[in-house]
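Asker: Below you'll find the structure I mean.
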């Protein structure tokens, strides 16, 4: 059986979880969502599929939804086992149920769904915790991931919990996607920007292009992952309104997602 794990990540949490889940299978290929969408032949022959993503606004990223309802629906893969892992800062919301409904719409049935709490990186509302707390969160995440890996290895069945008003919230969430995509208008780039282009390479939505002047330009297809903000080596990216708890950053060295020499896919 061929195993593929597709992840969406902004700051590395879901990349870390996806790499951990790969340990449950022999020779699993781990692909970013962008890689999977741009090179769909890599998915051919997949019989075990994993989807790993962060929770945004109590739901999956919009690109994950599009990947399911467009790419996966068109491919009609002969899937025998589908697992879904949602990383989050404490609130799973309706994410797992929405993905289950989207998979059903695409012609698939999820076999396993679980969540893992990791560092919350949404700085408009939250402050990034200190290193000691980050390490504690990762230790607990590692324990949870170890359990998940064992359950995936045994191909256990686990459906997401049924939540009241899921369908209503999904309708609201879908209607708000265009508004959220335009929220990149609140990012500001200072003169300290060196034009390194790391933000554009990190962006999972391919929403950033580097202009001829060497500055990032946002294309209004933003997922609000804040990967660009957190990865900037000179903190050149800020917001039009100061975050409620001030500016803090999460380089997430633990995940292995970013390296000193640039971006690692």
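Asker: Across segment 127-160, what is the total count of residues that are within 18 Å of the chain's Cα centre (by Cα) and over 17 Å from residue 83 (Cα atoms)?
Answerer: 5
Asker: Against the definition (farther than 21 Å from residue 147 by Cα, in the same structural domain as residue 146 (by TED's automatic domain parsing) and modelled with pLDDT of 95 or more), how does residue 51 come out, yes or no?
Answerer: On the way: farther than 21 Å from residue 147 by Cα: no; in the same structural domain as residue 146 (by TED's automatic domain parsing): yes; modelled with pLDDT of 95 or more: yes.
No; evaluated as a whole, the condition is false for this residue.
Asker: For segment 200-244, enumerate the residues that are assigned to a loop (DSSP other than H, G, I, E, B), within 21 Å of residue 58 (Cβ to Cβ) and touching a helix residue (DSSP H, G or I) at 6+ places or on another chain (Cβ under 7 Å). Full working, then the answer.
Answerer: As a first pass, look at segment 200-244 and keep what is assigned to a loop (DSSP other than H, G, I, E, B): 203-207, 211-215, 219-226, 232-236, 240-244.
Subset that is within 21 Å of residue 58 (Cβ to Cβ): 204-205, 221-226, 243-244.
Matches in segment 200-244: 204, 205, 221, 222, 223, 224.
Asker: Looking only at segment 183-199, which residues are closer than 14 Å to residue 213 by Cβ and not in a loop (DSSP other than H, G, I, E, B)?
Answerer: 189
Asker: Moving to a separate point now. Of the residues 57, 25, which is out of contact with any strand residue (DSSP E or B) (no Cβ under 8 Å at 6 or more places or on another chain) and surrounded by fewer than 21 Cβ atoms within 10 Å (Cβ to Cβ)?
Answerer: Numbers: 25 fails: out of contact with any strand residue (DSSP E or B) (no Cβ under 8 Å at 6 or more places or on another chain).
The unique qualifying residue is 57.
Asker: To continue, here is another question. Those residues that are touching a strand residue (DSSP E or B) at 6+ places or on another chain (Cβ under 9 Å) and buried (at least 21 other Cβ atoms within 10 Å of the Cβ), I need them from segment 101-113; list them, please.
Answerer: 103, 110, 113
Asker: Now a separate question. Any residue at all in segment 207-221 that's outside the structural domain of residue 117 (by TED's automatic domain parsing), surrounded by 15 or more Cβ atoms within 10 Å (Cβ to Cβ) and touching a residue at least 40 places away in the same chain (Cβ under 8 Å)?
Answerer: yes
Asker: Consider only pairs whose beta carbons are under 6 Å apart and that are at least six residues apart or on different chains; among these, list those whose first residue lies in segment 35-64 and is under 14 Å from residue 110 (Cβ atoms) and whose second residue is part of a loop (DSSP other than H, G, I, E, B).
Answerer: So the pair list comes out as 48/1; 49/79; 53/8; 53/60; 53/61; 64/8.
Asker: While we're looking at this one, here's another question. Looking at the structure I just gave you, is residue 28 modelled with pLDDT of 95 or more, in contact with a helix residue (DSSP H, G or I) (Cβ under 6 Å, 6 or more places away or on another chain) and assigned by TED's automatic domain parsing to the domain that holds residue 102?
Answerer: It is true that residue 28 is modelled with pLDDT of 95 or more, in contact with a helix residue (DSSP H, G or I) (Cβ under 6 Å, 6 or more places away or on another chain) and assigned by TED's automatic domain parsing to the domain that holds residue 102.
Asker: Does residue 176 satisfy being touching a strand residue (DSSP E or B) at 6+ places or on another chain (Cβ under 6 Å) and either in a helix (DSSP H, G or I) or surrounded by fewer than 18 Cβ atoms within 10 Å (Cβ to Cβ) (or both)?
Answerer: Criteria not met by residue 176.
Asker: While we're on this one: Kindly evaluate residue 130 against the criterion of being free of Cβ contacts under 8 Å to residues at least 12 places away in the same chain and more than 25 Å from residue 36 (Cα to Cα).
Answerer: Values: free of Cβ contacts under 8 Å to residues at least 12 places away in the same chain: yes; more than 25 Å from residue 36 (Cα to Cα): yes.
It is true that residue 130 is free of Cβ contacts under 8 Å to residues at least 12 places away in the same chain and more than 25 Å from residue 36 (Cα to Cα).
Asker: Can you find a residue in segment 64-72 that is touching a strand residue (DSSP E or B) at 6+ places or on another chain (Cβ under 6 Å), outside the structural domain of residue 206 (by TED's automatic domain parsing) and surrounded by fewer than 23 Cβ atoms within 10 Å (Cβ to Cβ)?
Answerer: We begin by selecting, within segment 64-72, every residue touching a strand residue (DSSP E or B) at 6+ places or on another chain (Cβ under 6 Å); these are 64.
Filter once more, so that each one left must be outside the structural domain of residue 206 (by TED's automatic domain parsing): 64.
Of the ones still in play, those that are also surrounded by fewer than 23 Cβ atoms within 10 Å (Cβ to Cβ) are none.
No, that holds for no residue.
The values are calculated or read from the model by the stated rules, or taken from the named source; none is laboratory data. The structure presented is a predicted model; accordingly, all values stated were derived computationally and were not measured. In this analysis, Cβ positions are derived from the backbone assuming ideal geometry, glycine residues included, and neighbour counts consider all displayed protein chains.
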